[in-house]
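**Q** I'd like to ask some things about the structure below.
The values are calculated or read from the model by the stated rules, or taken from the named source; none is laboratory data. In this text, all values refer to a predicted model and were calculated from it rather than measured experimentally. Glycine also receives a Cβ, built like all others from the backbone with ideal geometry; neighbour counts cover every protein chain displayed.
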Amino acid sequence: MKIDRLIGILSILLQEEKITQQELADRFEVSRRTIIRDIENLSKAGIPVTSSQGIGGGVSIMNGYRMDRTLLTSKDMRMILAGLRSLDSVGGSRYYSQLMEKIQAGSSELINGRDSILIDLASWYRDTLAPKIETIQDAIENRHLITFNYYAPSGDSIRTIEPYYIVFKWTSWYVWGWCLKRKDFRMFKLNRMDKLAETKKGFECRKISVPDFKSSGASEKGIRVKALFSPDVKWRLIEEYGPECYRECEDKRLLLEIEHSDEDNLIGWILTFGDRAELIEPVEIRKKISSLLNKMTDMYGKDQK
């Protein structure tokens, strides 16, 4: 990606006195013309990059800007590498691992001590997820529309969107973009997609800021929940809501009072506890669970032939 390449070039220039445009092109596996554009972009960003021609010439940063060649600390570099390593865990190619090698090669004296953070963003669906992420990344960089079949609780549909961001939130990957069908920004879960493809049709990038996912539908509350849980599932409550989320009752059961955003999701979540959970409120949802359990009892109670 362009921003990663710019960071890599800047890191190398801060660590080396001078390097040729062709050497940079070889390191990042791009054309010399691309490196020239990257250097121009660094200059526009206020970084005093200079170029000289002839024998002994090359690209460098003005000495006065070097700040004793330590713009990044050892801790800074380890955090950057931890982030790249996490992206590499879901990558479908060797791009991020190669980028790490390039950054490490130009910053060996900054990388000391052992790694203390390891992040693995891969899911059980890595084999199908990685190609989707790579396709969407390419479409974002090329400003091309993407199309896909989408399977949601509201039904199946074929969508075409302008992709802007790939999002990792909680435990899932999403793409956020402008949906041509809904005429609005939408977030789509990658695991619900099928037949994803980058089209040849381009789009004009809309003036947008980084979306505020905290206020998105996935975070909205509205259903006040009161439920009782068996003590042996306390670990699950703490894992999901923290150690102060429950109150112990006289019968040793744990009372959880929270707000939830989605009725179907709430019912599914309660049922994952089996007989170790009892929903008290809302009464309407409690009745729905009771009706669902009766239907399941009838279905599983039938003699199997």
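**Q** Could you list all residues from region 237-266 that are surrounded by fewer than 16 Cβ atoms within 10 Å (Cβ to Cβ), assigned to a helix (DSSP H, G or I) and either among the basic types (Lys, Arg) or touching a helix residue (DSSP H, G or I) at 6+ places or on another chain (Cβ under 8 Å) (or both)?
**A** The one that is surrounded by fewer than 16 Cβ atoms within 10 Å (Cβ to Cβ), assigned to a helix (DSSP H, G or I) and either among the basic types (Lys, Arg) or touching a helix residue (DSSP H, G or I) at 6+ places or on another chain (Cβ under 8 Å) (or both): GLU263.
**Q** Would you point out the residue of region 26-47, among those that are closer than 20 Å to SER97 by Cβ and hydrophobic (A, V, I, L, M, F, W, C), that is nearest to the chain's Cα centre (by Cα)?
**A** Top of the filtered list is PHE28.
**Q** Can SER60 be described as more than 14 Å from ILE7 (Cα to Cα) and at pLDDT below 90?
**A** So SER60 passes the test.
**Q** I've got another one for you. Pull up region 267-291, narrow it to residues that are more than 35 Å from the chain's Cα centre (by Cα) and among the aliphatic types (A, V, I, L, M), then point me to the one that is surrounded by the fewest Cβ atoms within 10 Å (Cβ to Cβ).
**A** VAL283
**Q** A follow-up question, please. Could you identify the single residue in ILE111, ILE3, ILE7, ILE103 that is at pLDDT below 85 and not in a helix (DSSP H, G or I)?
**A** ILE111
**Q** Output the residues belonging to region 163-221 that are part of a strand (DSSP E or B), aromatic (Phe, Trp, Tyr) and modelled with pLDDT under 90.
**A** Initially, region 163-221 is screened for residues part of a strand (DSSP E or B), giving 163-169, 172-179, 184-189, 193-202.
Right, trim to aromatic (Phe, Trp, Tyr) and you get 164-165, 168, 173-174, 176, 178, 185, 188.
Selection gives PHE168, TRP173.
**Q** When the residues of region 140-162 are filtered to those that are among the hydrophobic types (A, V, I, L, M, F, W, C) and in a strand (DSSP E or B), which remaining residue is farthest from ILE119 (Cα to Cα)? Don't jump to the end; show me each part of the working.
**A** Within region 140-162, the first condition is being among the hydrophobic types (A, V, I, L, M, F, W, C), and the residues that meet it are 140, 145-146, 148, 152, 158, 161.
Those left that are additionally in a strand (DSSP E or B): 145-146, 148, 152, 158, 161.
Values: LEU145: 31, ILE146: 29, PHE148: 29, ALA152: 29, ILE158: 34, ILE161: 30 Å.
Step by step, filter region 140-162, then rank; the result is ILE158.
**Q** Somewhere in region 23-30, is a residue loosely packed, with under 12 Cβ neighbours inside 10 Å and not in a loop (DSSP other than H, G, I, E, B)?
**A** Taking every residue of region 23-30 in turn, none turns out to be loosely packed, with under 12 Cβ neighbours inside 10 Å and not in a loop (DSSP other than H, G, I, E, B).
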